[in-house]
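Q: Structure provided below as structure tokens; questions to follow.
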Amino acid sequence: MATYRYPRYPAAPRPADGARHPVVVVGGGMVGLTAALDLAHRGVEVVLLDEDDTVSSGSRAICMAKRSLEIFDRLGLGRRMLEKGVTWNQGEVLFRDRTVYRFDLLPEEGHHYPAFINLQQYYVEDYLVAACRATGRVDLRWQHRVGAIEPRADGPVLAVETPQGGYRLTADWLLACDGARSTVRAALGLDFLGQVFHDRFLIADVVMEAEFPPVRRFWFEPPFHAGGSVLLHRQPDHVWRIDFQLGWDADPDVEKDPDRVRARVAAMLGPDVRFEIEWISVYTFRCRRLERFRHGRILFLGDAAHQVSPFGARGGNAGVQDVDNLGWKLAAVLAGQAPEALLDSYDAERIPANDENILNSTRSTDFITPKSAAARAYRDAVLELAGRYDFARGLVNSGRLSRPALLAGSPLNMQDDAAWPGGLPPGAPAVDAPVREDGQEGWLLTRLSHARVGPGSDGPAPFRLLRFAPPDGVILPDVETVFVTPAAEPGALHDHAGLVARRYAAAPGDAILFRPDQHVAARWHRFDPAAVAAARDRALARARPHAPPARQPSDEKGQHAGTTSEL
Amino acid sequence: MRAGGGLNTWIGHPFVTDTPPVRSLPPVRAQPMSHLDTSARLADPDALFAALVDAHRGLSPDASRRLDARLVLLLANHIGDAGVIAEAIAAARAAGEDP
């Protein structure tokens, strides 16, 4: 009984040899499709090559974080994902036969999207394919496999194989989104930096009617799976993800035997629960990245650039943030709005972001799979204490869940020139809040999105200035101004709950400039059109009269301390 | 609850909470930083030694090791100063090496 019917996309016909395209995406997985859709929304024509003929085989990256949902909202898919997905806020950690503690993410009111949903990757890709087609700007070429790549200064030449024979094409820009076994990476001979973990895990997706609540459950050494850990997550369609730690000595072929998996699941669920197995996978993982993500005209995104363990949902969500970071920059370069040097900031911003993911993921893995007798003793000691003492719960690490990157040290940021009582410093992604516009209920982030009318209607890289002031008729040439006021006024967002002002720590007269990916570029207590223009130039890498002011390392550390949360 | 990053902090964003996060420790340590105090501070050293050894009575080597780990974690949390704990780790490690 399959809960999902895989589409079969027909092979694209073999095109004429030797064509040149502004952007070619290699890999039609979640990251590649999101990149194609993002660029199409910015008015860019994209060719996407994928060697397969369908969506993700298996549910794979199921935990979608709030920031990813906000990015997909901008691309017109957020509501659909939210409606199909399972929203969850609660978790439970168990050790042997006891509950150690339960937690609730206690989401604040006044956000469009929840902290997390679970949704099978095949649904996400299915929606993305339909959305890419609807733009009319994405040429989806299924069963087109990249055979060889010849890097050139003005863009690589690709040899592509199809069922009807091969052809060559040239890409002005190539986005490598072809996963952990990236063909593009192999062709360029690039190595990963990082480590391999000597452990194996088994994923079983089982279909059952049991109405357990949507709680993330994590067991350390449960009685039904001696010596290992087990993770349970609920997905849509009555599908449940169960993740068993097997140990390094496990034989992957033996462990994939459905009868053996059925016995493991039955031991966990008990004799009264009827279930069917839908998907089985045995995997190992790595925490590592490429030294650089930009190699001239070739840019690496998602698993092709960096890989983490699954604990913390930092794989797929990082890939979506890679796209969010690169899309507007590439569109701005293609439109002649920014120099190619802007693309270097993809490395400057996404390498630290992914290092944070790798650090968190590595630490989670070290807790879940202790590497020495001492590590195991401390791990077990933490779990023994956590049942009684709050302080020890902060030490339990069954995955620190994905949070958006803060881009604190980015060269594109304009540092504050005055003190701010909190709020969002330059580099931080925008935070949502409820607003009312012309009497209609809405969300701040929707108002800070591009393409409010349709794909491409908003230009490649729209910057927006949020002014906490009544509309004064001042129009800036390259920046859309959005006014926000505490009382209803024509032409302004009505901050009826006061949450915009509170969350941005903004007072009347303040102004905040947002980049096209909704990260803060700069903020001021006083509106000055010249300062806005300078900040926009800086965020487009147009002018760098000075190096960014020296940051205090202690500040940066302080911002990151304790920012991960147990999930 | 960890200082500044407790479970009541909105998961989706590190900076923003409608209610201030619960802080059990001051967010920034006062200067100058305190250091590990290795002067003799125990009123009854023999009693302390006996209490530590007694705590392990009847435990297997593994259980004994976990007891020590629990003890270290409780004391480390009580101290609550990462700098002092780092000095203690370095001092403990150095004292076990050949002179």
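Q: Applying the selection to region A:396-429, what residues are assigned to a loop (DSSP other than H, G, I, E, B), over 20 Å from A:ARG363 (Cβ atoms) and facing chain B (nearest Cβ under 9 Å)?
A: If the condition is that a residue be assigned to a loop (DSSP other than H, G, I, E, B), over 20 Å from A:ARG363 (Cβ atoms) and facing chain B (nearest Cβ under 9 Å), then A:GLY422, A:GLY423, A:LEU424, A:PRO425, A:ALA428 are the ones that fit.
Q: Hey, can you tell me all the residues within region B:57-76 that are basic (Lys, Arg) and either facing another protein chain (nearest Cβ under 8 Å) or under 13 Å from A:ALA392 (Cβ atoms) (or both)?
A: B:ARG65, B:ARG66, B:ARG70
Q: Please find, among A:GLY327, A:GLY315, A:GLY302, the residue that is touching a residue at least 40 places away in the same chain (Cβ under 8 Å), crowded, with 24+ Cβ neighbours inside 10 Å and farther than 30 Å from A:GLY459 by Cβ. Spell out how you get there, then give the answer.
A: Numbers: A:GLY327 fails: farther than 30 Å from A:GLY459 by Cβ; A:GLY302 fails: farther than 30 Å from A:GLY459 by Cβ.
Criteria check complete, one pass: A:GLY315.
Q: Out of all the residues in region A:255-270, which are part of a loop (DSSP other than H, G, I, E, B) and either at pLDDT 95 or above or surrounded by 13 or more Cβ atoms within 10 Å (Cβ to Cβ) (or both)? Full working, then the answer.
A: So in region A:255-270, the residues part of a loop (DSSP other than H, G, I, E, B) come out as A:256-257, A:270.
Those that are part of a loop (DSSP other than H, G, I, E, B) and either at pLDDT 95 or above or surrounded by 13 or more Cβ atoms within 10 Å (Cβ to Cβ) (or both): A:LYS256, A:ASP257.
Q: Can you name the residue in region A:81-119 that is of a type in the set (S, T, N, Q) and crowded, with 17+ Cβ neighbours inside 10 Å and, of all such residues, is nearest to the other protein chains (Cβ to nearest Cβ)?
A: Our first condition is that a residue be of a type in the set (S, T, N, Q); within region A:81-119, this holds for A:87, A:89-90, A:99, A:118.
From the residues that got through so far, the ones that are crowded, with 17+ Cβ neighbours inside 10 Å too are A:89, A:118.
Values: A:ASN89: 9, A:ASN118: 15 Å.
This residue is A:ASN89.
Q: Just the residues that are of a type outside the set (A, V, I, L, M) and out of contact with any strand residue (DSSP E or B) (no Cβ under 8 Å at 6 or more places or on another chain), please, taken from region A:315-330. Let's see the steps before the verdict.
A: First, pick out the residues of region A:315-330 that are of a type outside the set (A, V, I, L, M): A:315-317, A:319, A:321-322, A:324-325, A:327-329.
Within region A:315-330, A:GLY319, A:GLN321, A:ASP322, A:ASP324, A:ASN325, A:GLY327, A:TRP328, A:LYS329 qualify.
Q: Still on this structure, I have one more. Can you spot a residue in region A:246-254 that is more than 24 Å from the chain's Cα centre (by Cα) and crowded, with 16+ Cβ neighbours inside 10 Å?
A: Taking region A:246-254 first, the residues more than 24 Å from the chain's Cα centre (by Cα) are A:246-254.
From what's left, crowded, with 16+ Cβ neighbours inside 10 Å: A:246, A:250.
Yes, region A:246-254 has at least one match.
For (1) within 25 Å of the chain's Cα centre (by Cα); (2) modelled with pLDDT under 95; (3) surrounded by fewer than 21 Cβ atoms within 10 Å (Cβ to Cβ), each residue gets a yes or a no:
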{"site": "A:LEU395", "(1), (2), (3)": "no, no, yes"}
{"site": "A:ASP416", "(1), (2), (3)": "no, yes, yes"}
{"site": "A:ARG436", "(1), (2), (3)": "no, no, yes"}
{"site": "A:ALA461", "(1), (2), (3)": "yes, yes, no"}
{"site": "A:PHE468", "(1), (2), (3)": "no, no, no"}
{"site": "A:VAL484", "(1), (2), (3)": "no, no, no"}
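Q: Can you find even one residue in region A:194-202 that is outside any loop (DSSP other than H, G, I, E, B), at pLDDT 95 or above and either touching a Lys or Arg at 6+ places or on another chain (Cβ under 8 Å) or surrounded by fewer than 21 Cβ atoms within 10 Å (Cβ to Cβ) (or both)?
A: yes
Q: If you don't mind, there's one more thing I want to ask. Among what's in region A:274-302 and is of a type in the set (Val, Ile, Thr) and touching a helix residue (DSSP H, G or I) at 6+ places or on another chain (Cβ under 8 Å), pick the residue that is nearest to A:GLN195 (Cα to Cα). I'd like the intermediate steps shown before the answer.
A: We begin by selecting, within region A:274-302, every residue of a type in the set (Val, Ile, Thr); these are A:277, A:280, A:282, A:284, A:298.
Those still in the list that are touching a helix residue (DSSP H, G or I) at 6+ places or on another chain (Cβ under 8 Å) too: A:277, A:280, A:282, A:298.
On the way: A:ILE277: 32, A:ILE280: 25, A:VAL282: 19, A:ILE298: 25 Å.
Within region A:274-302, the match that is nearest to A:GLN195 (Cα to Cα) is A:VAL282.
Q: Do any residues in region A:337-351 that are over 20 Å from A:VAL44 (Cα atoms) have Cβ atoms under 8 Å from those of residues that are in a helix (DSSP H, G or I) and among the aliphatic types (A, V, I, L, M), where the two are at least six apart or on different chains, and which pairs are they?
A: A:ARG350/A:LEU326
Q: Looking at A:PRO22, A:PRO15, which one is at negative phi and part of a loop (DSSP other than H, G, I, E, B)?
A: On the way: A:PRO22 fails: part of a loop (DSSP other than H, G, I, E, B).
Just a single option satisfies the conditions, and that option is A:PRO15.
Q: If you don't mind, another one. Considering region A:489-504 alone, what residues qualify as being part of a loop (DSSP other than H, G, I, E, B), over 19 Å from A:VAL532 (Cβ atoms) and either in contact with a Gly (Cβ under 8 Å, 6 or more places away or on another chain) or touching a residue at least 60 places away in the same chain (Cβ under 8 Å) (or both)?
A: A:ASP495, A:HIS496, A:ALA497
Q: Would you be able to tell me the number of residues in region A:514-564 that are modelled with pLDDT under 70, under 25 Å from the mean Cα position of the chain (by Cα) and not in a loop (DSSP other than H, G, I, E, B)? Reasoning before the result, please.
A: Start the filter on region A:514-564 by keeping residues that are modelled with pLDDT under 70, which leaves A:544-564.
Narrowing further to those that are under 25 Å from the mean Cα position of the chain (by Cα): A:556-564.
After this cut, where a residue has to be not in a loop (DSSP other than H, G, I, E, B) as well, the list is A:556-560.
Count: 5.
The values are calculated or read from the model by the stated rules, or taken from the named source; none is laboratory data. Since we're looking at a predicted model, the values are computed, not measured. We place every Cβ from the backbone using ideal geometry, glycine too, and count neighbours over all the protein chains shown.
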